[in-house]
Amino acid sequence: MLRRVTWGLADQAVTSLVSFVVGIVVARSLGALEFGAFSLAWVTYGVVVNISRGLATDPLAVRFSGVPRSVWKAAVASSSGMAIAVGLATGAICAVVGAALGGRPGAAFIALGVVLPGLMLQDSWRFAFFASGQGGKAFLSDITWATALVPLLYLAKQDGPSVTKFVLAWGAAGIFAALVSGLQAGVVPRLFRARRWLREHRDLGLRYLAENVTISGAYQLKMYGLGAFAGVAAVGTVRGAEMMLGPFFIVLSGIGLVAVPEAARMLRRSLRALKGFCLLIGSAQALAALAWGMTLVLTMPHAWGHAVLGEVWDATEPLLLPATLSVMFASFYTGASAGLRALGVARRSLKAQLYASAA
């Protein structure tokens, strides 16, 4: 289990580093207004990822963790097809919304629509590898993404950088990583199996979809509302505070990658072992969030923050403490949620998430 958790942390470290570097490059290249438009596309990507995970990879993690490889490959061919279908449908919606919006936000949404199918496929490979205990392959996938980003971000900065160029560069690197992951898995995604996958796992998939959309939807509404009432630049300010908590999110998301498969394995031992496991991961994440956030609040020199985020830092700095407390308390929920998913009680986990999101 320690080996699998370590791969989860390493993989998420790369993913968080990618997010952090992309955010910094865009913030420093475009300024607050265009960075706000990029941030709106970024949080929309987060919503689509949660839709894809609810319908495709969450049922895979619950029902196909630790199964024989032949069973796993057949399931992954269908679940990855489901992920591509989600990317195609939501990508079309983003393109239409972007055309209607116009301006910089509209350009960001159109570019996002182009790259979403490939990004959903890459994310599905990561979860498929962790379900089968092959975290090293997920790590290699994200290393590939990070490596491909270097030349693509450099090209995006040349000859008049724009939000469209940066979204396409980020997405193209992810699509390349998805192709590499497919070669590692030795599985060809079956788009036309998506309907059958949805039908066979709708008892979990539809509830996990509602649960995941509630999670990201509450965040999305917050960001859209902030943009509507306080301006698009304020969205970039809040996103800047979240970026400064990036090292903590390595721990939070890295453990989250393996939490459900590991909780399912604990449940096979005993219910008591499952409860202890969930309490342990929730407490560890909360302490990590508090430690990192207070380190930033108490010791981060103003000049360092300005060097990282540029003009965005001035408005971001006062938000570090409330952002730290928010993610610290949310950490306890993630441990309990892993336990509910391992138990397969989708109705209870959905009810819990509805209460949390409403609050």
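For Leu274, indicate whether it is modelled with pLDDT of 85 or more, under 26 Å from Thr214 (Cβ atoms), part of a helix (DSSP H, G or I) and open to solvent by less than 20 Å² (accessible area, probe 1.4 Å).
Judged against the criteria, Leu274 is a match.
Go through segment 115-125 and count every residue that is in contact with a Leu (Cβ under 7 Å, 6 or more places away or on another chain) and in contact (Cβ under 8 Å) with a residue 40 or more places away in the chain.
Counting residues in segment 115-125 that are in contact with a Leu (Cβ under 7 Å, 6 or more places away or on another chain) and in contact (Cβ under 8 Å) with a residue 40 or more places away in the chain gives 1.
Within segment 193-246, which residues are in contact with a Leu (Cβ under 6 Å, 6 or more places away or on another chain), within 30 Å of Ser78 (Cα to Cα), of a type in the set (A, V, I, L, M) and open to solvent by less than 30 Å² (accessible area, probe 1.4 Å)?
Answer for segment 193-246, where residues must be in contact with a Leu (Cβ under 6 Å, 6 or more places away or on another chain), within 30 Å of Ser78 (Cα to Cα), of a type in the set (A, V, I, L, M) and open to solvent by less than 30 Å² (accessible area, probe 1.4 Å): there is none.
May I ask you to say which residue of Ala61, Ala148 is assigned to a helix (DSSP H, G or I) and free of Cβ contacts under 8 Å to residues at least 60 places away in the same chain?
Among Ala61, Ala148, only Ala148 is assigned to a helix (DSSP H, G or I) and free of Cβ contacts under 8 Å to residues at least 60 places away in the same chain.
Quick test for you: out of Leu321, Leu309, pick the one residue that is more than 23 Å from Arg265 (Cβ to Cβ) and modelled with pLDDT of 85 or more.
Leu321
Mind telling me which of the residues Thr316, Thr299 ends up being polar (S, T, N, Q), touching a helix residue (DSSP H, G or I) at 6+ places or on another chain (Cβ under 6 Å) and modelled with pLDDT of 75 or more?
Thr316
Condition first: among the aliphatic types (A, V, I, L, M), surrounded by fewer than 24 Cβ atoms within 10 Å (Cβ to Cβ) and over 30 Å from Met243 (Cα atoms). Now tell me which residues in segment 37-84 satisfy that.
Of everything in segment 37-84, those that are among the aliphatic types (A, V, I, L, M), surrounded by fewer than 24 Cβ atoms within 10 Å (Cβ to Cβ) and over 30 Å from Met243 (Cα atoms) turn out to be Val62, Val67, Val71, Ala74, Ala75, Ala77.
Return the residues of segment 334-354 that are open to solvent by 60 Å² or more (accessible area, probe 1.4 Å) and modelled with pLDDT of 80 or more; say none if nothing qualifies.
Hits for segment 334-354 are Leu343, Arg348, Lys351, Leu354.
Looking at Leu298, Leu309, Leu280, which one is within 30 Å of Leu343 (Cα to Cα) and in the same structural domain as Leu245 (by the TED database)?
Leu280
Which one of Ser357, Ser326 is at pLDDT 80 or above and either assigned to a helix (DSSP H, G or I) or of a type in the set (A, V, I, L, M) (or both)?
Ser326
Answer with yes or no whether Ala74 is within 19 Å of His201 (Cα to Cα), in contact with a Ser or Thr (Cβ under 9 Å, 6 or more places away or on another chain) and hydrophobic (A, V, I, L, M, F, W, C).
Considered against the rule, which asks whether it is within 19 Å of His201 (Cα to Cα), in contact with a Ser or Thr (Cβ under 9 Å, 6 or more places away or on another chain) and hydrophobic (A, V, I, L, M, F, W, C), Ala74 comes out as no.
Just the residues that are buried (at least 24 other Cβ atoms within 10 Å of the Cβ) and at pLDDT 85 or above, please, taken from segment 146-168.
Scanning segment 146-168 gives Phe166, Val167.
The values are calculated or read from the model by the stated rules, or taken from the named source; none is laboratory data. These numbers were taken from a predicted model, which means no experiment stands behind them. Every residue, glycine among them, receives a Cβ derived from its backbone with ideal geometry; neighbour counts consider all protein chains shown. What goes into the accessible areas is simple: the full protein's heavy atoms, side chains included, and nothing from ligands, DNA or RNA. Shrake-Rupley method; radii C 1.70, N 1.55, O 1.52, S 1.80 Å.
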